[in-house]
Amino acid sequence: MKLYYSAGACSLSPHIVAAEAGIALELVRVNLGKTPHTTASGTDFSAVNPNGYVPVLELDDGQLLTEGPAIVQYLADEKPECGLAPAAGTLARTRLQSWLNFIGTELHKMYSPWLFHAEYGEQAQTVARGKIAERLGFVDRHLAAGSPFLMGESFTVADAYLFTVVSWSKLVDVDLSDFAALRAYLERVGRRPAVREAMVAEGLKVHA
Ligand SMILES: N[C@@H](CCC(=O)N[C@@H](CS)C(=O)NCC(=O)O)C(=O)O
């Protein structure tokens, strides 16, 4: 399988999941810095994803899968024995999807594009930071209630996604100082060998 990614972008989430599941990926780097976006070999990325964004997973038969929350569930279901997602059709799976949707719509799409583009202006960014702080407060209280991971005792694909998105905080001045449980969680997830492996493969800095 091939993962179209950009270093440290939301595509890190499926990259982490594949590493956790022991699924080998061929990595294709996409340059998001210029329009139209191109792959490392110079081809037009819009031929792969007409929406122009990563992640895209290319299956071994050439089929393409887009949208991070769908991709991570596909990868988890390839290796159910790894416990990265509860079985499809269970209430637990719906709860996982609830977290994935929360991360995607309430966090990911508040950080990006709003905080990554100065042209949106200070007012829009202040509103986005306020919303993000509210949502992170909710996550912090959930984690402070005692579970090491979003779904309880075991790491799931939702943790790969949350870790990826909240790791952008420093880059875009989102203050995590009020969220001790969340900061401890980021440390805990960041120390996982598969998380480090994916980050190193993308050329990202990992915790010492
Ligand atoms: N709905 C998509 C959004 C993906 C997305 O926002 N990707 C960003 C990187 S984090 C991107 O590639 N942006 C470049 C662009 O939109 O041109 C998903 O959840 O997979």
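The values are calculated or read from the model by the stated rules, or taken from the named source; none is laboratory data. Keep in mind that this is a model prediction, so the values were computed, not measured. Counting neighbours? That spans all protein chains shown, and the Cβs are built from the backbone with ideal geometry, glycine included. These accessible areas exclude ligands, DNA and RNA; they are computed on the full protein's heavy atoms, side chains included. Shrake-Rupley method; radii C 1.70, N 1.55, O 1.52, S 1.80 Å.
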Members of segment 106-115 found to be open to solvent by 70 Å² or more (accessible area, probe 1.4 Å) and closer than 19 Å to residue 12 by Cβ, listed by number: 109
Can you find, within segment 28-58, the residue that is farthest from the ligand (Cβ to nearest atom) among those that are under 20 Å from residue 73 (Cβ atoms) and open to solvent by less than 70 Å² (accessible area, probe 1.4 Å)? 58
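Answer with yes or no whether residue 179 is in contact with an Asp or Glu (Cβ under 6 Å, 6 or more places away or on another chain), buried (at least 20 other Cβ atoms within 10 Å of the Cβ) and closer than 26 Å to residue 113 by Cα. Please lay out each step first, then the result.
On the way: in contact with an Asp or Glu (Cβ under 6 Å, 6 or more places away or on another chain): yes; buried (at least 20 other Cβ atoms within 10 Å of the Cβ): yes; closer than 26 Å to residue 113 by Cα: yes.
For residue 179, the condition - in contact with an Asp or Glu (Cβ under 6 Å, 6 or more places away or on another chain), buried (at least 20 other Cβ atoms within 10 Å of the Cβ) and closer than 26 Å to residue 113 by Cα - is met.
Residues in segment 182-204 that are assigned to a helix (DSSP H, G or I) and surrounded by 15 or more Cβ atoms within 10 Å (Cβ to Cβ): how many? Outline the logic, then answer.
In the first step, residues of segment 182-204 are kept if they are assigned to a helix (DSSP H, G or I); the result is 182-190, 193-201.
Right, trim to surrounded by 15 or more Cβ atoms within 10 Å (Cβ to Cβ) and you get 182-183, 185-186, 188-189, 194-199, 201.
The number of residues fulfilling the criteria is 13.
What number of residues within segment 1-50 satisfy the criterion of being among the charged types (D, E, K, R) and out of contact with any strand residue (DSSP E or B) (no Cβ under 7 Å at 6 or more places or on another chain)? So that I can check it myself, show each step before the final result.
Here is the first cut: in segment 1-50, the ones among the charged types (D, E, K, R) are 2, 20, 26, 29, 34, 44.
Subsequent filtering for residues that are out of contact with any strand residue (DSSP E or B) (no Cβ under 7 Å at 6 or more places or on another chain) retains 20, 34.
The total comes to 2.
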Do any residues in segment 67-86 that are polar (S, T, N, Q) have Cβ atoms under 6 Å from those of residues that are crowded, with 19+ Cβ neighbours inside 10 Å and not in a helix (DSSP H, G or I), where the two are at least six apart or on different chains, and which pairs are they? 73/85
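Any chance segment 116-134 includes a residue that's open to solvent by less than 20 Å² (accessible area, probe 1.4 Å) and free of Cβ contacts under 8 Å to residues at least 40 places away in the same chain? Don't jump to the end; show me each part of the working.
Filtering segment 116-134 down to residues open to solvent by less than 20 Å² (accessible area, probe 1.4 Å) leaves 128, 132.
Checking which are free of Cβ contacts under 8 Å to residues at least 40 places away in the same chain leaves us with 128.
There is at least one residue in segment 116-134 that is open to solvent by less than 20 Å² (accessible area, probe 1.4 Å) and free of Cβ contacts under 8 Å to residues at least 40 places away in the same chain.
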Out of 158, 144, I need the residue that is of a type in the set (Gly, Ala, Ser), open to solvent by 30 Å² or more (accessible area, probe 1.4 Å), modelled with pLDDT of 95 or more and touching a helix residue (DSSP H, G or I) at 6+ places or on another chain (Cβ under 8 Å). Which one? 144
May I ask you to say which residue of 92, 7, 18 is among the aliphatic types (A, V, I, L, M) and in contact with a helix residue (DSSP H, G or I) (Cβ under 8 Å, 6 or more places away or on another chain)? 18
Taking into account only those residues within segment 71-99 that are within 16 Å of the ligand (Cβ to nearest atom) and over 18 Å from residue 150 (Cα atoms), which is surrounded by the most Cβ atoms within 10 Å (Cβ to Cβ)? 75
